[in-house]
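The values are calculated or read from the model by the stated rules, or taken from the named source; none is laboratory data. Every value quoted in this text rests on a predicted model; they were computed, and no experiment measured them. Neighbour counts run over all protein chains shown; Cβ positions are idealised from the backbone, glycine included.
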Amino acid sequence: MSEIPARCASFEADLSAWIDGELDAGRSAELRAHLAACAACAGRVEALRAVDATLREVARASGPAETARIERMRAATAARLRGDASGRLSRRSAPRRRRMVTTLAAAGAAAGIAAIVLFAERTEPTRETTAIARPAPPSPSAAASHAIAEAEQRAAERPASDAFASKGASTPPETPTATPSDEELELASALVAEERGAPGPGDLATPIRERIAALAPADREAVLAAVPRLRAMAPEERAALLERARRAREHPAE
Amino acid sequence: MSEVDEDVRLMLALRAGDGSAFEALFRRWSAPLLRYLDRMVRDEADAEELVQETFLRLYRARERYRPDARFSTWLYTIATRLALNELRRPRRQNPHRSTDDEDAPVVLPHGGARADDVAHARRIGEAVEGALGTLPERQRAALWLAAVEGLSYAEIAASLATTEKSVKALVHRARLALAERLGEKWEART
């Protein structure tokens with residue numbers, strides 16, 4: 001370990017900041033000039049950079065091993081967001097608590113948390129769960145919600161909705177019900193937005209469910225048949241569809 | 001749309017009630033958070049727990065989110081504070097906790113570390129990671145966030161609730177300590 005020349009010592013504290021691009025232009029230029037003239041300091045900068053290269057390599061190499069852990073955390077986070085206090089990850093195993101979800105939902109977990117049903121759905125895609133697990137809305141629309149759940153269950157049981165639900169299915173498969181109208185799509189979309197955690201001002205959610213419940217049975221089925229497809233869409237895709245439907249309704253001539 | 005904008009967009013969507021935005025944010029950020037927290041708490045199960053907790057807090061705080069700070073700063077601030085709290089728990093015996101004097105002058109050996117072999121540095125990543133674990137926790141956080149996650153000193157200062165000047169010293173001392181360890185490895189090899 002040799003003595004540090006004063007000139008070098010004056011730059012020492014700035015070496016890392018320089019590597020990180022945190023020096024101002026003036027100081028940066030001075031340091032560059034010094035490094036060009038001082039092999040010892042240039043060597044130190046290289047040694048410091050080697051640390052970064054090593055750390056990044058370490059980070060990169062650990063990536064693949066993390067996949068299973070991330071999946072486990074995702075399931076556990078979803079469970080906890082549903083308000084499932086016992087869903088706290090029991091360290092090494094991610095519990096699959098489908099039944100717990102249902103129970104909690106029936107108990108009326110906070111409406112905002114309904115959004116997370118979707119999140120959990122990816123982890124464990126079971127249509128019957130999502131149909132059942134939707135938290136019961138406030139009592140005025142309980143009946144409407146029940147009707148929706150029932151109809152949705154029927155819709156879910158049709159093989160066609162599998163293809164609807166599968167991501168990337170660009171063309172809807174044949175269904176026994178009519179293709180939903182724009183207004184029906186709008187309703188379905190609003191329903192999906194609501195389940196994704198848009199409880200909004202509270203007066204928004206109930207009318208959607210009631211409006212759907214008030215439809216003729218065939219129309220209601222058409223709305224609900226569209227729900228899985230809408231669920232599979234990215235938010236902006238859904239928003240665009242909704243906008244088109246709204247325009248079509250407001251300007252039917254176009 | 002830049003990656004940064006995408007985070008802001010997702011966070012605003014989440015604030016507006018779009019639950020799918022939460023999943024997207026989880027997908028984007030869980031891996032970097034996990035590798036950071038692995039290094040911070042040095043226990044896989046604890047790190048996983050803290051990743052979850054970070055996202056839960058993010059979710060609960062969604063309505064307070066304002067797009068005036070980078071999303072990553074916000075996220076790492078939550079994660080860092082959780083990690084530092086975790087390390088202060090009594091069951092943790094961290095011998096380095098109190099040695100982290102940010103205002104002490106940086107004293108360096110000169111010419112101690114060999115600088116010319118990045119490829120070899122990769123091969124001894126394990127040793128460096130071990131050395132990383134022996135650093136004081138704030139140095140460890142600062143270096144990882146700067147060198148691996150690419151946060152600015154201002155962002156790291158926010159995460160650690162300190163000044164940029166302190167971050168500059170923390171990062172430099174951490175990097176030097178690891179460079180010395182790398183240097184020793186090289187010396188030992190020759």
Practice task
Take A:Leu35 and decide whether it is surrounded by 18 or more Cβ atoms within 10 Å (Cβ to Cβ), in a helix (DSSP H, G or I) and in contact with a Cys (Cβ under 6 Å, 6 or more places away or on another chain).
Solution key: yes
Practice task
Being among the aliphatic types (A, V, I, L, M) and more than 36 Å from the chain's Cα centre (by Cα) is the filter; apply it to segment A:17-26 and report the residue that is farthest from the other protein chains (Cβ to nearest Cβ).
Solution key: A:Ala25
Exercise for the section: Of all residues in segment B:10-20, count the ones that are surrounded by fewer than 20 Cβ atoms within 10 Å (Cβ to Cβ), of a type in the set (A, V, I, L, M, F, W, C) and more than 9 Å from every other protein chain (Cβ to nearest Cβ). Expected result: 1
Handout entry: Residue among A:Ala42, A:Ala59, A:Ala29, A:Ala36 that is of a type in the set (A, V, I, L, M) and within 27 Å of the chain's Cα centre (by Cα)
Key = A:Ala59
Problem - Condition met for B:Met11 (in contact with a Lys or Arg (Cβ under 9 Å, 6 or more places away or on another chain), assigned to a helix (DSSP H, G or I), under 24 Å from B:Glu63 (Cβ atoms) and assigned by TED's automatic domain parsing to the domain that holds B:Leu82) - result: yes
Completion exercise
Going through segment B:21-36 in order, the residues found to be crowded, with 24+ Cβ neighbours inside 10 Å and farther than 13 Å from B:Phe55 by Cα are B:Tyr36
Practice task
Give the residues of segment B:1-39 that are of a type in the set (Ser, Thr, Tyr) and more than 16 Å from B:Asp68 (Cα to Cα), sorted by residue number.
Solution key: B:Ser20, B:Ser30, B:Tyr36
Practice task
Might you check whether a residue that is under 29 Å from B:Leu143 (Cβ atoms), free of Cβ contacts under 8 Å to residues at least 40 places away in the same chain and within 15 Å of the chain's Cα centre (by Cα) occurs anywhere in segment B:11-28?
Solution key: no
Exercise for the section: Quick one: count up the residues across segment B:129-144 that are more than 24 Å from B:Ser72 (Cβ to Cβ) and either of a type in the set (A, V, I, L, M, F, W, C) or within 11 Å of chain A (Cβ to nearest Cβ) (or both). Expected result: 2
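Could we say that A:Val45 is farther than 30 Å from B:Phe55 by Cα and β-branched (Val, Ile, Thr) here?
The answer is yes for A:Val45.
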Exercise for the section: May I ask you to verify whether B:Glu23 is at pLDDT 95 or above and either at the interface with chain A (Cβ under 8 Å from one of its Cβ atoms) or assigned to a helix (DSSP H, G or I) (or both)? Expected result: no
Practice task
Tell me which residues, restricted to segment B:47-74, are more than 14 Å from chain A (Cβ to nearest Cβ) and part of a helix (DSSP H, G or I).
Solution key: B:Arg64, B:Phe71, B:Ser72, B:Thr73, B:Trp74
Practice task
Report those helices (runs of 4 or more DSSP H) wholly inside segment A:38-128 carrying at least 3 residues which are at pLDDT below 50 and small (Gly, Ala, Ser).
Solution key: A:114-123
Practice task
Consider only pairs whose beta carbons are under 6 Å apart and that are at least six residues apart or on different chains; among these, list those whose first residue lies in segment A:46-58 and is within 7 Å of chain B (Cβ to nearest Cβ) and whose second residue is outside any helix (DSSP H, G or I).
Solution key: A:Glu46/B:Ala115; A:Ala47/B:Ala113; A:Ala47/B:Ala115
Fill in the blank from the handout: Checked pairs for segment B:145-156, first more than 7 Å from every other protein chain (Cβ to nearest Cβ), second small (Gly, Ala, Ser), C-beta under 6 Å and 6 or more apart or across chains, list as B:Ile156/B:Ala142
Problem - Test for B:Val106: is it over 20 Å from the mean Cα position of the chain (by Cα), closer than 15 Å to A:Ser16 by Cβ and modelled with pLDDT under 60 - result: yes
